[in-house]
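So the structure is just underneath, and the comments pick up after that.
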Amino acid sequence: SIGVSGYIDGLPSKIADIDSDRVLDMIWGFEPDCVIYRPVPENPELHELAVRYIQRTSLPLITWIMDDWPENLRLKGDANYRPMEEDLIWLFRRSDYRLCISAAMQTAFETRYATSFIPLANGIDRRFESIEHNYFHRGFF
């Protein structure tokens, strides 16, 4: 998965200030087994970097979209809608697996993008919520 933090040794805190070629070299050096990418519209620099990496690799790709922000961009008439939508179409076609967070989103995305999606929620089992809460407050986490 591609994630860039300002706390990586030697990297600036703002992604706009990052030398993208240097970051891509770091990712290549990591030698991942696959790429899990969660596109978001709020960080176009990170998105551009991720797409550049994905275009240059033949690694398996899993794209995981968490909400219907593409439709929100379209409805707002956001200038980023068209380029992001074009990238999403390419990413979804390139992906080995496409994840979303609900059956309703699966239906909407399969209709819109004419490809399959797998609903995968965020992985919190509510039956264990109180156990996690108790362990956290007792200092186990």
Notebook entry, point to check: Can you give the extra length, in nm with one decimal, that the chain gains between Met66 and Asn80 once fully stretched, where that is 0.36 nm per residue apart less the Cα-Cα distance?
Noted result: 3.2 nm
Next item on the list: Determine the shape class of region 35-122: with a ≥ b ≥ c the square roots of the Cα gyration tensor eigenvalues, call it rounded for a/c under 1.5, and otherwise prolate if a/b is greater than b/c, oblate otherwise.
Entry: oblate
Notebook entry, point to check: Do you know the relative contact order of region 60-114, to the nearest whole percent, from alpha carbon pairs under 8 angstrom that are 6+ apart?
Noted result: 52
Margin query: Give me, ordered by chain and number, the residues 5 or more places off Leu99 or on other chains with an amide H under 5 Å from its own placed amide H.
Written below: Thr63, Trp64, Ile65, Ile118
Next item on the list: Add +1 for every Lys or Arg and -1 for every Asp or Glu among the other residues with Cβ under 10 Å from the Cβ of Met84, and state the total.
Entry: -2
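Each value in this text was obtained by applying a stated rule to the coordinates, not by laboratory testing. These numbers were taken from a predicted model, which means no experiment stands behind them. A quick note on method: Cβ atoms are made from the backbone with ideal geometry, for glycine too, and the neighbour counts reach across all protein chains shown.
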